[in-house]
Structure formats: C-alpha cells, structure tokens
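Structure record follows, encoded as structure tokens.
The values are calculated or read from the model by the stated rules, or taken from the named source; none is laboratory data. In this text the structure is predicted, and so the values were computed from the model without any measurement. Using ideal geometry, Cβ is built from the backbone for each residue, glycine included, and neighbour counts are taken over all protein chains shown.
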Amino acid sequence: MSGTDELADLSRTFNKAAEALEKRVADMASRDEASRRFVADMSHELRTPLTAITAVTEVLEEELEFENGGFDPMIEPAVRLVVSETRRLNDLVENLMEVTRFDAGTARLVLDDVDIADQITACIDARAWLDAVDLDAERGIHARIDPRRLDVILANLIGNALKHGGSPVRVAVRVDGTDGTEDGDGDALVIEVRDHGPGIPEEVLPHVFDRFYKASASRPRSEGSGLGLSIALENAHIHGGEITAANCPEGGAVFTLRLPRDVSARDASEKTGDAGNEGAEGTPDERGDCCTACARTARGGGAGGAARRVRDTGHGGTDRLRSGTVTRPLLTGHA
C-alpha cells in the first residue's frame, strides 16, 4: 500500500512486524530441526563406544557376583558405581534413539494378535514385579497391536507407579465400546495403572508426559532418563491411542491407557478415508478433519478429574487362576 496517510503508515508497520515474526518463526524451526539432528547424531555416535564399555562392565559385574571376587574391598564400591552408571547411560542412549525415531516419523508398528493378560503378566514377570503388582485381567481379551511397544508402555507406567507411588500397584484391564461404556465386545482396550501414593501435585499433572521434566528443581538428577512417560505416550499415539494421568478421589495416581483393539483395522479405515478426501476443497478444519497434534489432548488429565477405581481381586494375597481371571498377590513392599 502506498500513500502518506496514517492508514498507509499503519499498514507498512504491520507488514514489517509480520515479516519479522515470520523470520523469527523460521529461525526457531531451523534451530529446532538442528537440535533434533544433533540429538540423533549424538545418540548414534555414543552407541559405538558405549557398546565396548558395556562389554567390559559386564565382565566386571560377573566378577562381582562371585563370593570371593578378585576386587579389593576398597575399590568394589567404585566398580559397582561404574557398572550401574554404564547401565543408566545405556538406557539413556536407547531412549534418545527411540525419541529421534518418533521425531523423524520412522517409528513403525509390528502388529500381532496378543492376549492382553498374558502380555501384562510377561511384562511384570520379566522385571520381577510379580510380588508388588496386583493384576486384574480376564484371559481371552485379545488385541491386534505391537507387543514390543505395549511392553514399553506397561513397563514405564508400572515402573513409574512403583517408584513414585505407594504399594500395592494395581493394573486393571477392560474393554469399552465406542461410547466409552464398558463392553466386552467393544473395540477399545483400556488398561489402568493405579498406585496408592500421595498422588501427583496439581501443578505437575499437565507436565508428566513432557520430556526431561522434573517435578522438583532441587533434584536435578534422578535414576531415570526423564523420557519414560514421554516414550510411553508416543507409543500409544502410534497405535492411535492415548494415555491420561489423574488423581483418584480415594488417593493415589492413576494412568489410563486407551488403545484400539485392532490397529490394522484403524489404519485401513484411515487409508480409505484419505483416498476419499483427495481433491476435497478447503482446509482440514473446514472439512472437519483434525491434525495429529490436535488429537493429542488431555495429556495431563485433571487433578480433580474422576478416575475409575481399579477392581480389587479380593483373593487375600493368593496367586491363582479362577474363572479365566489372572490375579496376583498383594504385598506392601515394592520389587
């Protein structure tokens, strides 16, 4: 716009501000891409020397297991520290590589038909959590999902509950219909992980799935990488599912995982829908569609939100299979 009146001056000022804002957004996007590339390159570069270090520490760990090991009692604590820190560094690098796969869009599902009760039992058994977790899951509930990624989700949710919550940790499985009501023949798998700790502070709830988030700035170092819940959430999203966090009115925190029972059917329907939308006019919002980012809502839930109570098996601490339901013992201590 040309001219010397006030409207022209205002328009020129607005255009300059818009150009500056556009440039800043482009710079931020470039820096974000550079940081993601740096993390990806760093994690790959670290993996090679870390493999050699891990091999050495495994030998040291085997020596520590012998009753009359060859280590001087004065240096044994240092050796144990090296072994534990190497294991921690390994976990961090693996988590960073997983994050870069999600960021690059290269993460893929390897689907299989899974009995959910068996999958959860295998997860907690592999990590020696059987005595600290109460499982309420009927046998025969099947889902077509990626078993490895489901194991990652469960390990992070249950491990987080054992570490930060109170015993016992209860895991309950149900099947919901499309309207959200419980339905044994429904198409939505719901897994709830509840602890009996103090719950999650209200100001922390919106950030529990953020990468590297720490609830207390006074504790900058922790045993975990700060990526576990974030990776669990990304694994839920790649299935077309969601994870929410809330506090139970009766006490403790509850994480709720919702997944479609047949991910392959969802993918097929999405491809059909995409083909039908080709050539459609208007923006995604105008067509009623929604982007992936918009679908990722309710990450933190609400501090006062109602949370479904996990059912108590009520078997008095026994470990039995009854009426097709897997139950596990209740103990007061963590694994």
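What about Thr54, is it within 27 Å of His237 (Cβ to Cβ), touching a helix residue (DSSP H, G or I) at 6+ places or on another chain (Cβ under 9 Å) and either without any contact (Cβ under 8 Å) to a residue 40 or more places away in the chain or among the β-branched types (Val, Ile, Thr) (or both)? The answer is no for Thr54.
Flag not set for Ser230, criterion: of a type outside the set (A, V, I, L, M, F, W, C), under 27 Å from Val99 (Cα atoms) and at pLDDT below 90. Would a scan of the stretch 119-128 turn up a residue that is outside any strand (DSSP E or B), of a type outside the set (Lys, Arg), in contact with a Ser or Thr (Cβ under 9 Å, 6 or more places away or on another chain) and buried (at least 16 other Cβ atoms within 10 Å of the Cβ)? No, that holds for no residue. Residues of the stretch 135-157 that are crowded, with 17+ Cβ neighbours inside 10 Å, over 15 Å from Thr121 (Cβ atoms) and out of contact with any strand residue (DSSP E or B) (no Cβ under 7 Å at 6 or more places or on another chain): Asp146, Arg149, Val152, Asn156. Taking first residues from the stretch 154-176 that are more than 18 Å from Arg139 (Cβ to Cβ) and partners that are polar (S, T, N, Q), the Cβ contacts under 8 Å between residues at least 6 apart in sequence or on separate chains come to Ser167/Thr332; Pro168/Thr332. Taking Asp176 as the residue in question, decide whether it is acidic (Asp, Glu), in the same structural domain as Glu242 (by TED's automatic domain parsing), at pLDDT below 95 and crowded, with 19+ Cβ neighbours inside 10 Å. Considered against the rule, which asks whether it is acidic (Asp, Glu), in the same structural domain as Glu242 (by TED's automatic domain parsing), at pLDDT below 95 and crowded, with 19+ Cβ neighbours inside 10 Å, Asp176 comes out as no. Checking each residue in the stretch 97-117 for being in contact (Cβ under 8 Å) with a residue 40 or more places away in the chain and part of a helix (DSSP H, G or I) picks out Met97, Glu98, Val99, Thr100, Phe102, Asp103, Ala104, Ile116, Ala117. Among the candidates Leu130, Leu46, single out the residue that is modelled with pLDDT under 85 and hydrophobic (A, V, I, L, M, F, W, C). That would be Leu46, the only listed residue that is modelled with pLDDT under 85 and hydrophobic (A, V, I, L, M, F, W, C). Return yes when Asp91 is assigned to a helix (DSSP H, G or I) and in the same structural domain as Val263 (by TED's automatic domain parsing) and no when it is not. Criteria not met by Asp91.
Conditions (1) surrounded by fewer than 16 Cβ atoms within 10 Å (Cβ to Cβ); (2) in contact with a helix residue (DSSP H, G or I) (Cβ under 6 Å, 6 or more places away or on another chain), marked per residue:
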residue	(1), (2)
Val133	no, yes
Ala161	no, no
Gly186	no, no
Pro201	yes, no
